[in-house]
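Rule-based calculations on the coordinates, nothing more; no lab input. Values in this document were obtained by computation on a predicted structure and should not be read as measured data. Glycine gets a Cβ as well: all are built from the backbone with ideal geometry, and neighbour counts include every protein chain shown.
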Amino acid sequence: MSKTEASVAPARQKGRAEPTIGGSTYVKPQDMEWEPTQFPGISIKTLYEDKEKGELTCFLKWEPGATLPMHKHPEIEQSYVVEGSFYDHEGICRAGEFVWRRVGSFHETHSDEGAVILAVYRKPNVFQHSAGYSRKSG
């Protein structure tokens with residue numbers, strides 16, 4: 001019996017709830033390609049997206065010197081820096097650190113050394129000419 005089967009077995013006993021088959025989606029970012037976005041020097045790996053709700057969880061890769069132009073956060077944004085660092089007018093977030101942005105806040109972000117960021121959006125950022133990240137084809 002596998003570890004998974006062993007951990008599920010007690011739930012099947014005594015009328016307990018059983019796990020939902022197909023309720024988990026496993027994603028292997030290491031097997032995904034980085035896709036360029038509309039912003040020079042910033043690429044994306046989409047881990048989860050619900051376009052109807054505007055939800056997005058992704059890795060963003062910033063090349064050294066990349067800038068994300070001025071934008072508004074219509075909902076809370078959460079960012080965990082995996083590698084490198086990025087910053088705005090209020091501070092810098094380095095590898096192993098976390099920052100979240102308040103609803104309605106505006107800022108521009110930069111990365112001098114480059115970064116890989118795990119970002120969680122409840123609604124897409126609003127830029128002057130677009131909303132969210134668009135994946136460029138080709």
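Observations
- Taking 0.36 nm per residue of separation and subtracting the Cα-Cα distance, full extension of the segment from MET70 to LYS14 would add 14.5 nm.
- Residues whose placed amide H lies under 5 Å from that of PHE86, excluding near-sequence neighbours: CYS93
- Note that the range 81-94 has calculated 3J(HN,Hα) couplings of 8, 7, 9, x, 7, 8, 8, 9, 5, 9, x, 10, 10, 9 Hz, one per residue in order, obtained from phi through the Karplus relation 6.51 cos²θ - 1.76 cosθ + 1.60 (θ = phi - 60°); glycine and proline are x.
- In this rough spin-label picture, where each label sits 7 Å from Cα along the Cβ direction, the GLU108-LYS51 distance is 3.1 nm.
- Taking 0.36 nm per residue of separation and subtracting the Cα-Cα distance, full extension of the segment from GLU97 to VAL126 would add 8.0 nm.
- Shape of the range 28-136, Cα gyration tensor, a/c cut at 1.5: rounded
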